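The values are calculated or read from the model by the stated rules, or taken from the named source; none is laboratory data. Given the structure is predicted, the values throughout are model-derived calculations rather than measurements. Backbone-built Cβ (ideal geometry, glycine too); neighbour counts: all protein chains shown.
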Protein chains: 2
Amino acid sequence: MSAVDVSRPPAVCLVSGGLDSATAAAIARSRGFEIYALSFDYGQRHRRELDAARAIAESLGAAQHVVLGFDLRLWGGSALTSGIDVPSGRSPEDMARDIPVTYVPARNIIFLSFALAWAETLEARHIFIGVNHLDYSGYPDCRGEFLRAFERMAALGTKAGVEGRPVSIEAPLVHMSKADIVREGARLGLDFGLTWSCYLGGERPCQQCDSCILRAKGFEEAGLPDPLLAG
Amino acid sequence: MSAVDVSRPPAVCLVSGGLDSATAAAIARSRGFEIYALSFDYGQRHRRELDAARAIAESLGAAQHVVLGFDLRLWGGSALTSGIDVPSGRSPEDMARDIPVTYVPARNIIFLSFALAWAETLEARHIFIGVNHLDYSGYPDCRGEFLRAFERMAALGTKAGVEGRPVSIEAPLVHMSKADIVREGARLGLDFGLTWSCYLGGERPCQQCDSCILRAKGFEEAGLPDPLLAG
């Protein structure tokens, strides 16, 4: 990791290893922030996305990358943390119909709460999160309305907030399509080959899970090749 | 732990091992809820409060007690998770003046987020938390205004919330003095000898830290003996 550049204000960036959060972190860097990358080892199905998160944090010159562990398998409740099968071969329209079994109860709320704790410790005023809801409206915790409510709660529930230094939740992708995200990441020089979107953790993306299907649609509509599928 | 009683609706009760959260959980039980006790092993100074939490959950007949681990020492920021000294010998008036060094950034936000995740998984509609702010106004995340903002955020950010089954945050002690809390716990038959309030983890309470001083004041004003100091 690079040395801390004091001229750049710190921002906590949630980096999952996927394409969206990597693009959000690249946007944070392009806006002049020093990146403090935060990832979670929460009992998800595979570790491959954590390896991707490490590679992304390093490629973006993060000042620090913390992987915080906790075990959501203690109570289950999602296909991503239990034995339930991940859906396969669904169209984006089908995905948007219901909240999917891959929904993890309160996951982004937990992630943002830890980001808030770190931000307060760092005296950072910004948290970047790569949520977006246009392509895929099934997750309630990916909507701007929720993020504004989180900000208001954080302003009332933290020392920084009550002392007049509230933390802002930056979700630069929230209204972007997957194709827009691919274009923006490419414009910022992000190496998509470092990212991992597949819900499974195989050698290559399965190309059947919701996440693979949305990613493929994004690259196709952006007219760009996905380096993960090359060769 | 006792068998689950299906006639009692589930409630997630945050149980720290201290007097306040034990009383809040006893109130939940007295209101007819089945207790799902949740504690955290987050890198606090001592484990004694986790032993207390286990004993309290068992004494209240909790259906389940989960101790969720994560390590807030990864970024420090509080006397309770780092090497900073805990204040000693302060009056309640002094304590109320500033946010204390024992403030852990976003701690209750993180705790409530996990409680929310478990509540959603259990289809529980209630979370009990033992915060109170009259005696000790220094913690921003112990105020009713914050708790209402958390509820609004949770209603927007969870599947249960957007589907019309929002979770309610019950803070029955929020406007009670420590003496009121002691009286209420006693009325409900709570064994205060199982609870642990001291910020240090010695054989006996230090009687000098903020938490010991507030506890002593509460028992004194309630006109009851503290079983931890007997014998």
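Things to note:
- Qualifying residue in the range B:104-114 (condition: of a type in the set (Ser, Thr, Tyr) and at pLDDT below 90): no
- Scope the range B:123-182; condition touching a Leu at 6+ places or on another chain (Cβ under 9 Å), within 9 Å of chain A (Cβ to nearest Cβ) and not in a helix (DSSP H, G or I); matching residues: B:Arg143, B:Thr158
- Single condition B:Ser197 does not satisfy, out of (1) in contact with a Cys (Cβ under 9 Å, 6 or more places away or on another chain); (2) at pLDDT 90 or above: (2)
- Out of A:Gly218, A:Gly193, sole residue that is assigned to a helix (DSSP H, G or I) and buried (at least 22 other Cβ atoms within 10 Å of the Cβ): A:Gly218
- Of all residues in the range A:59-70, those satisfying the criterion of being more than 7 Å from every other protein chain (Cβ to nearest Cβ) and either more than 16 Å from the chain's Cα centre (by Cα) or polar (S, T, N, Q) (or both) are A:Ser59, A:Gly61, A:Ala63, A:Gln64.
- Residue pairs meeting the criteria (Cβ under 6 Å; at least 6 apart or on separate chains; first surrounded by fewer than 22 Cβ atoms within 10 Å (Cβ to Cβ), in the range A:154-168; second at pLDDT 90 or above and in a strand (DSSP E or B)): A:Ser168/A:His126
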